[in-house]
Amino acid sequence: MSLILHNRPHPKADFPIFDPQGPNAGLAYLDSGASAQKPASVIEAVSQFYATGYANIHRGVYKLSATATDAYEGVRAQVAKFLKAPSEQEIIFVRGATEGLNLIAHSWGRTHLKAGDAVLISALEHHANIIPWQILRDQIGIELRVAALAADGGIDRADFTAKLADGKVKLASFTHIANATGAVLPVAELTAEAKAAGALVAIDGCQAIPHRPVDVQALDCDFYVFSGHKLYGPTGIGILYGRLSVLEGMPPYQTGGDMVATVRFDKTEFLEPPQRFEAGTPDIAGVIGLGAAIDYVQSLGWAWIEAHEKTLLTYGEAVLAKVPGLTLLPAGPERAGIFSFTVDGVHPHDLGTILDHHNVAIRAGSHCAQPLLNEFGLTATARASLGLYNEPEDLDRLVEAVRAAQRMFAPKRA
């Protein structure tokens, strides 16, 4: 059932962890929503940089440092093009989406928000897009508003509109795709509505960036964040896109080397964005690996990636629907890459452990989205999330393993 990709082998062959002769032979990896596996090209790019091209950047006058700097800054330009950002100055390297959201809250938020102002999020958010705003609420007296969950598992548009109505919302910050359920939010429409009400907009793109193209100009958002490790890149690297006019009005998030123009004991002058927000020695190898990951994704092409995911989603919904006692959490009008479910009589943690014995890797727990699961009356679910290396056979094995767990937990007859 797999789609043909330019007459070449299925992408799974590009990922060493799935080597049929290796220690993980036969692995059905269904946890890409937490962190995606890495293709050989990314692993090789990072290894090669450390082996033959490593030096610190922006500081050395010698060739190796200059070459490393060019490679690092080249990825910044590459990411700007990937996101269709107007300028590479709008691309900030961070450790991940979590740091990106915290940077927005602590730099923009502390500078531009005051007591009585409001930040609007949605009920579908990851903890990383909840807690920074709670801290500002508790420390400076802003109001944190939450757009409700709709009955179908999406965002309640009427409630979103109502919470913008009084003009007090200065920032709307919401997910592109909900990590716990795969619900795709209408981010372009939400952004337009929020901006019409006078708010800036930040979007958590962690779950969207591996599944679909993103155009920050078309979205007209002010911030967009994502983590490299979900885009088949290394851990510890991520991106904060910020509209340049907004970044220019933000102070540094952290301070130290490589983000200053001049330092005196009486005064320090900071560099312009993005360097202003990149204090200290960055994860240079992570940036190189992220560039290789973007190259890899683009080599497959969005048309193939989206068509492949659609095939898997359709197939997955069909086979999971046939499992008695399995309940799939709703995800609104559109689902992307994630099946979050419960199984009658089997705790999600037990289910995850049993599936592991069948060489099927899923996530079990709250998925850093406890408020959303509370909306469903749950404390945990099992979550199977898709990557471009998955095949229908992985979903077949998921179903087989779930049925095995059901048999194990079935009531014993006297």
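The values are calculated or read from the model by the stated rules, or taken from the named source; none is laboratory data. Keep in mind it's a predicted model, so treat the numbers as computed, not measured. Cβ coordinates were reconstructed from backbone atoms using ideal geometry, including for glycine residues, and neighbour counts include every protein chain displayed. Calculation scope for accessible area: heavy atoms of the full protein, side chains included, ligands and nucleic acids excluded. Shrake-Rupley method; radii C 1.70, N 1.55, O 1.52, S 1.80 Å.
Structure summary
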| read-out | value |
| --- | --- |
| Residue list for the range 269-287, filter: touching a residue at least 60 places away in the same chain (Cβ under 8 Å), assigned to a loop (DSSP other than H, G, I, E, B) and more than 11 Å from Arg95 (Cα to Cα) | Glu272, Pro273, Pro274, Thr281 |
| Matching entry among Asp152, Asp70 (being open to solvent by 60 Å² or more (accessible area, probe 1.4 Å), of a type in the set (D, E, K, R) and not in a helix (DSSP H, G or I)) | Asp152 |
| Some residue of the range 97-109 being open to solvent by 30 Å² or more (accessible area, probe 1.4 Å) and without any contact (Cβ under 8 Å) to a residue 12 or more places away in the chain | no |
| The range 238-247 - residue that is in contact (Cβ under 8 Å) with a residue 60 or more places away in the chain and not charged (D, E, K, R) and, of those, surrounded by the most Cβ atoms within 10 Å (Cβ to Cβ) | Gly242 |
| Given (1) surrounded by 15 or more Cβ atoms within 10 Å (Cβ to Cβ); (2) of a type outside the set (Phe, Trp, Tyr); (3) under 30 Å from Val216 (Cα atoms), index of the condition Ala77 fails | (1) |
| Matching residues, the range 133-149, being surrounded by fewer than 22 Cβ atoms within 10 Å (Cβ to Cβ) and either in a helix (DSSP H, G or I) or touching a Gly at 6+ places or on another chain (Cβ under 6 Å) (or both) | Gln134, Ile135, Leu136, Arg137, Asp138, Gln139, Ile140 |
| Any hit, the range 248-256, residues being farther than 19 Å from Asp14 by Cβ, open to solvent by less than 20 Å² (accessible area, probe 1.4 Å) and not polar (S, T, N, Q) | yes |
| Residues located in the range 188-206, provided they are under 23 Å from Ile338 (Cα atoms) and open to solvent by less than 10 Å² (accessible area, probe 1.4 Å) | Leu190, Ala202, Ile203, Gly205 |
| Options Ala180, Ala202; residue that is within 14 Å of Ala34 (Cα to Cα), in contact (Cβ under 8 Å) with a residue 40 or more places away in the chain and out of contact with any Gly (no Cβ under 7 Å at 6 or more places or on another chain) | Ala180 |
| Candidates Glu400, Glu393, Glu317, Glu375 - the one that is in contact (Cβ under 8 Å) with a residue 40 or more places away in the chain and closer than 21 Å to Pro210 by Cβ | Glu393 |
| Residue that is surrounded by fewer than 22 Cβ atoms within 10 Å (Cβ to Cβ), of a type in the set (S, T, N, Q) and touching a strand residue (DSSP E or B) at 6+ places or on another chain (Cβ under 9 Å), where the choices are Thr181, Thr235 | Thr235 |
| Residue list for the range 32-46, filter: assigned to a loop (DSSP other than H, G, I, E, B), out of contact with any strand residue (DSSP E or B) (no Cβ under 7 Å at 6 or more places or on another chain) and of a type outside the set (Gly, Ala, Ser) | Lys38, Pro39 |
| Verdict on Val225 being surrounded by 15 or more Cβ atoms within 10 Å (Cβ to Cβ) and either touching a Leu at 6+ places or on another chain (Cβ under 6 Å) or on the phi > 0 side of the Ramachandran plot (or both) | yes |
| Considering residues of the range 261-315 that are under 23 Å from the mean Cα position of the chain (by Cα) and among the β-branched types (Val, Ile, Thr) only, the residue surrounded by the fewest Cβ atoms within 10 Å (Cβ to Cβ) | Thr314 |
| Hits in the range 321-335 - residues which are within 16 Å of His347 (Cα to Cα), open to solvent by 40 Å² or more (accessible area, probe 1.4 Å) and of a type in the set (A, V, I, L, M, F, W, C) | Leu328 |
| The lone exception for Tyr29 - which of (1) open to solvent by less than 10 Å² (accessible area, probe 1.4 Å); (2) closer than 27 Å to Glu309 by Cα; (3) touching a strand residue (DSSP E or B) at 6+ places or on another chain (Cβ under 6 Å) it fails | (1) |
| Residue in the range 345-383 that is surrounded by the fewest Cβ atoms within 10 Å (Cβ to Cβ), counting only those that are more than 22 Å from Phe18 (Cβ to Cβ) and of a type in the set (D, E, K, R) | Glu375 |
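So that you can scan it fast, the table gives a plain yes or no per residue for (1) basic (Lys, Arg); (2) touching a strand residue (DSSP E or B) at 6+ places or on another chain (Cβ under 8 Å); (3) closer than 13 Å to Val402 by Cα:
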position: Thr314; (1), (2), (3): no, no, no
position: Val319; (1), (2), (3): no, no, yes
position: Val323; (1), (2), (3): no, yes, yes
position: Thr327; (1), (2), (3): no, yes, yes
position: Ala331; (1), (2), (3): no, yes, no
position: Arg335; (1), (2), (3): yes, yes, no
position: Gly345; (1), (2), (3): no, no, yes
position: Gly352; (1), (2), (3): no, yes, yes
position: Asp356; (1), (2), (3): no, no, yes
